[in-house]
Amino acid sequence: MEYAERLHVPLRWWVQGTMLVASLWLAVVVALPGDVAWAITGAAMLLLAWAFLAFGGARIAVAGGELRAGRAHIATSLLGAATALDADQTRRLAGPEADARAYLLLRPYLKRAVRVEVVDPADRTPYWLLHTRHPDRLASALTAATSVAGPSREPSA
């Protein structure tokens, strides 16, 4: 079983960001010549779009015996249990009960996550906490991938 997801920002962020840039245009159009106001507004809109696309560019994928989350990746043979979390469990594990050594891929617009245990003895990271829109599907894909990887949890040389 393979899984892939892109954590793009929600539509409401785009709407609110566009309204912010429109407010900027209203503020500068009364003080500056029209061409300058439009140039500043256009640059602000490009900066906003770049920020949202970069922030929303994080991907989570389980394929080819590997889990990829953002820029990080790990072989599924080095993973233990994958647990789908509800909103309250996610909030606690990302906040007061968090382990500073854990790998976190968090997005404020998502409320649920998957906790993936790391069983590699050479890796000090105890678990990965990954925000996702589909925690049950991601946990199932990871469970299937780790069972295919076999019982050996030792890192390959």
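The values are calculated or read from the model by the stated rules, or taken from the named source; none is laboratory data. Remember, it's a predicted structure, so these values are computed and weren't measured experimentally. Glycine gets a Cβ as well: all are built from the backbone with ideal geometry, and neighbour counts include every protein chain shown.
Overview of results
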{"read-out": "Residues that are in contact with a helix residue (DSSP H, G or I) (Cβ under 9 Å, 6 or more places away or on another chain), among the hydrophobic types (A, V, I, L, M, F, W, C) and not in a strand (DSSP E or B), drawn from the range 74-94", "value": "Leu78"}
{"read-out": "Residue count, the range 99-130 (criterion: assigned to a loop (DSSP other than H, G, I, E, B), under 17 Å from the mean Cα position of the chain (by Cα) and in contact (Cβ under 8 Å) with a residue 12 or more places away in the chain)", "value": "7"}
{"read-out": "Tally of residues being in contact (Cβ under 8 Å) with a residue 40 or more places away in the chain and either assigned to a helix (DSSP H, G or I) or over 20 Å from Pro126 (Cα atoms) (or both) across the range 62-73", "value": "1"}
{"read-out": "Every residue from the range 1-37 that is over 24 Å from Ala54 (Cα atoms) and part of a helix (DSSP H, G or I)", "value": "Leu26, Ala27, Val28, Val29, Gly34, Asp35, Val36, Ala37"}
{"read-out": "Criterion: touching a helix residue (DSSP H, G or I) at 6+ places or on another chain (Cβ under 8 Å) and within 17 Å of Ser140 (Cα to Cα) - qualifying residue of Val21, Val62", "value": "Val62"}
{"read-out": "Pick from the range 131-152, criterion loosely packed, with under 15 Cβ neighbours inside 10 Å and either aromatic (Phe, Trp, Tyr) or not in a helix (DSSP H, G or I) (or both), ranking: modelled with the highest pLDDT", "value": "Gly150"}
{"read-out": "Ala49 outside the structural domain of Asp136 (by TED's automatic domain parsing), touching a Phe, Trp or Tyr at 6+ places or on another chain (Cβ under 9 Å), outside any loop (DSSP other than H, G, I, E, B) and not hydroxyl-bearing (Ser, Thr, Tyr)", "value": "yes"}
{"read-out": "Candidate set from the range 76-104 (those that are surrounded by 16 or more Cβ atoms within 10 Å (Cβ to Cβ) and in contact with a Pro (Cβ under 7 Å, 6 or more places away or on another chain)); member that is nearest to Ala141 (Cα to Cα)", "value": "Ala84"}
